[in-house]
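Report on the following structure.
Just so you know, all these numbers are worked out from the coordinates, no wet-lab data involved. On a predicted model such as this, the values are computed, not experimentally measured, just so you know. Cβ: placed from backbone, ideal geometry, glycine included. Neighbour counts: every protein chain shown.
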Amino acid sequence: MERTFAMIKPDGVRRGLTAEILARIQRKGYRVVGLKQMVIPRETAEAHYGEHKERPFFGELVDFITGGPVVAIALEGENAIAGWRAMMGATNPANAAPGSIRADYATTVGENVTHGSDSPESAERELGLFFKPEELL
Ligand code: ATP
Ligand code: MG
């Protein structure tokens with residue numbers, strides 16, 4: 001069984017989309033093995049998005065992701081990494097497939113409601129950033 005790190009970003013939490021997004025995850029059949037609402041410490045956000053630190057939007061991205069509570073989620077299921085990315089849709093909601101979360105709930109690339117790890121290496125790294133081993137049940 002594969003595990004991945006998913007997140008409802010501050011825009012999604014602020015807009016009251018937590019229950020809808022968790023319902024989609026559970027209807028799909030992924031198991032929620034870790035779940036917490038939290039404000040991400042700045043250092044954790046910078047580490048989480050470390051691959052983007054040279055990009056012009058990095059500062060804005062870190063400000064945004066630390067700017068309110070998020071819901072951190074550890075998911076388990078067959079092909080969960082790619083499957084959750086497919087459920088989210090493309091990074092830019094304008095390009096996201098109809099019926100995907102970003103197509104259904106977002107309009108801008110900067111506030112696109114959810115996050116999902118993009119590879120097994122990212123999933124392991126991000127799960128380790130957000131969860132202690134004993135928090136994954
Ligand atoms: P995430 O990592 O948040 O799941 P992603 O893997 O689809 O999204 P990345 O390329 O990792 O996309 O970009 C991380 C985040 O940075 C995006 O979700 C988006 O909010 C923001 N971002 C990416 N490209 C841009 C851009 N050109 N302008 C502004 N923000 C951007
Ligand atoms: Mg990414």
Flag if Thr108 is surrounded by fewer than 16 Cβ atoms within 10 Å (Cβ to Cβ) and touching a Pro at 6+ places or on another chain (Cβ under 9 Å): yes
Matching option when the condition is among the basic types (Lys, Arg) and touching a residue at least 40 places away in the same chain (Cβ under 8 Å), among Arg55, Arg85, Arg24, Arg102: Arg24
Gly99 being more than 13 Å from Thr4 (Cα to Cα), more than 11 Å from ligand 1 (Cβ to nearest atom) and not in a strand (DSSP E or B): yes
Matching option when the condition is in contact with a strand residue (DSSP E or B) (Cβ under 9 Å, 6 or more places away or on another chain) and not in a loop (DSSP other than H, G, I, E, B), among Ala72, Ala47: Ala72
Single residue of Asn112, Asn92, Asn79 found to be over 18 Å from Val62 (Cβ atoms) and within 12 Å of ligand 1 (Cβ to nearest atom): Asn92
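Considering only residues that are within 21 Å of Arg24 (Cβ to Cβ) and hydrophobic (A, V, I, L, M, F, W, C), look in region 110-130 and name the one that is nearest to ligand 2 (Cβ to nearest atom). Spell out how you get there, then give the answer.
Step one: filter region 110-130 for residues within 21 Å of Arg24 (Cβ to Cβ), giving 111-118, 123, 126-127, 130.
Remaining after also requiring hydrophobic (A, V, I, L, M, F, W, C): 113, 123, 127, 130.
Working: Val113: 13, Ala123: 11, Leu127: 14, Phe130: 14 Å.
Per the criteria, the residue is Ala123.
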Condition broken by Ala82, with the remaining ones in (1) surrounded by fewer than 12 Cβ atoms within 10 Å (Cβ to Cβ); (2) out of contact with any helix residue (DSSP H, G or I) (no Cβ under 9 Å at 6 or more places or on another chain) satisfied: (1)
